[in-house]
Amino acid sequence: MSPELLVLCGGRSSEREVSLRSGRAVAAALPGSRLVVLDEDALPAWVDPAAHAVLPVMHGGWGEGGGLQAELEARGVAFAGSGSAASRLCMDKVAAKARLRSAGVPVAPEVAFDVASPPGAGAVADALGEEVFLKPVDQGSSVGLRRASGRADLAAALASLGAGRWMAEPLLRGRELTVGLLGGEALGVVEIVAPSGVYDYASKYTPGGSEHLAPAPIPEDVRAEVASAAERAFAACGCRDVARVDLILAPDGGFRVLEINTLPGMTELSLLPDSARCAGLSYADLARRLAQPALERARAR
């Protein structure tokens, strides 16, 4: 008997609503699958490794950061996407960037800190310049992202941060690009144009908040270099099945990887479907490709 595919979404992270939208869209594109909305950060007890395969469509927190994946592994449930170790690594932007540096993938410098003992604005400005972005170390979808310009603005921003681990990065001027990957192979390169100048949560999930140019209007040699860097980042972090790599392309043609998303959004406004369309994959094609590894692993067991 074929395993039943469970599409998991929800959870209790700050990205719950995006996960719900993604999960509903994916389940609708996969006839015969069952949508499972999680209201707690826990795998339901009834999930059976002998009867089910899991496609997580979770964003942030426990669902994307390795907690769910560790539970699935411990219970022997076949699932799609990166395992717990790679999920934990990529959710921690500082640790992921350290791994990428060691693999020779270009990344931006950062100043990381716990809000309980933040650095002074002067120290951050001396290290990174006076225009910086502040972001939580372990959140996705640009949750909490803020921009500071000048030491006074930076000091006020540092004083207003919520609890947890944060990082400051220099404002990198250039074009925002993203690359979806399936099985470690790059799909299309997409350019993000945000009229606000900052690709934050509102720009991502508000209709009209940003424009996606798919494929990005960049020279072929640059496209090939960006795609290669995304593939190297995927491999360096031990990702599996799917990911999305975000980059900044500088005016001089150089680029820096910003982060890796192991469970990219799948809403009607998300970037992974746009990247897949560049490679000739419809939304339904992409959903089937996402589900396939989980089903194959379940059958193999």
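What follows is calculated from the coordinates using simple rules that are stated; it is not laboratory data. Keep in mind the model is a prediction, meaning the values are calculated, not measured. Don't worry about glycine lacking a Cβ; one is built from the backbone with ideal geometry, like all the others, and counts go over all protein chains shown.
When +1 charges are put on Lys and Arg Cβ atoms and -1 charges on Asp and Glu Cβ atoms, the dipole computed for the chain relative to its Cα centre reaches about 440 debye. Scanning the chain for GluC sites (Glu not before Pro) that sit in a DSSP loop and have at most 13 other Cβ atoms within 10 Å, the longest stretch containing none of them is 41-267. According to the square roots a ≥ b ≥ c of the eigenvalues of the Cα gyration tensor, what is the shape class of the stretch 4-80, taking rounded for a/c under 1.5, prolate for a/b larger than b/c otherwise, and oblate for the remainder? Here the stretch 4-80 falls in the oblate category. Shown in residue order for the stretch 167-177 are the 3J(HN,Hα) couplings computed by the Karplus curve 6.51 cos²θ - 1.76 cosθ + 1.60 at θ = phi - 60°: 9, 10, 10, x, 5, 9, 7, x, 9, 7, 10 Hz (x for Gly and Pro). Scalar couplings 3J(HN,Hα) for the stretch 180-193, obtained by applying the Karplus form with A = 6.51, B = -1.76, C = 1.60 to θ = phi - 60°, are x, 9, 10, x, x, 9, 5, 8, x, 8, 10, 9, 10, 10 Hz; x denotes Gly and Pro.
Here the Kirkwood formula, the inverse mean of 1/r across different C-alpha pairs, assigns the chain a hydrodynamic radius of 19.6 Å. Listing His52, His59 from fewest to most neighbouring C-beta atoms within 10 Å gives His52, His59.
Less than 5 angstrom separates the built amide H of Leu258 from those of Asp246, Leu247, Ile248, all sequence-distant by 5 or more or on a different chain. Only one residue of Ala125, Gly164, Gly150 has its Cα farthest out toward the positive end of the dipole of the stretch 111-170, where Lys and Arg carry +1 and Asp and Glu -1 on Cβ, and that residue is Gly164. For Ser82, nonlocal amide neighbours, meaning residues 5 or more places apart or on other chains whose placed amide H falls under 5 Å from its own, are Arg240, Val242.
Taking every DSSP beta bridge that has both ends in the chain, the antiparallel portion is near 75%. Distance from the C-alpha centroid of the stretch 52-89 to that of the stretch 1-36: 13 Å, rounded to the whole angstrom. When each of Val7, Val222 is scored by the number of other beta-carbon atoms lying within 10 Å, the sequence from fewest to most is Val222, Val7.
Ranked by how many other Cβ atoms sit within 10 Å of their own Cβ, fewest first, the residues Ser282, Ser19 fall in the order Ser282, Ser19.
Under 5 Å between amide hydrogens, built in the peptide plane, is the criterion, and for Leu43 it picks out nothing among residues at least 5 positions away or on other chains.
Could you tell me how many degrees, from 0 to 90 and to the nearest 10, lie between the Cα long axis of helix 16-28 and the main elongation axis, the longest principal axis, of the Cα atoms of the chain? Computed tilt is about 40 degrees. Evaluating 6.51 cos²θ - 1.76 cosθ + 1.60 at θ = phi - 60° for every residue in the stretch 248-258, the Karplus couplings come out as 10, 9, 6, x, 7, x, x, 8, 9, 7, 8 Hz, glycine and proline recorded as x. For the chain, the residue among Gln139, Leu177, Gln292 whose Cα projects farthest onto the positive side of the dipole built from Cβ charges is Gln292.
Loop-resident trypsin sites (Lys or Arg not before Pro) (DSSP state other than H, G, I, E or B) in the stretch 2-94 with no more than 16 further Cβ atoms inside 10 Å of their Cβ: Arg12. Residue separation of Ala108 and Arg297 scaled by 0.36 nm, minus their Cα-Cα distance, works out to 64.4 nm of gained length.
Could you tell me the distance between the Cα centroids of the stretch 208-281 and the stretch 105-152, to the nearest Å? The stretch 208-281 and the stretch 105-152 have Cα centres separated by 23 Å.
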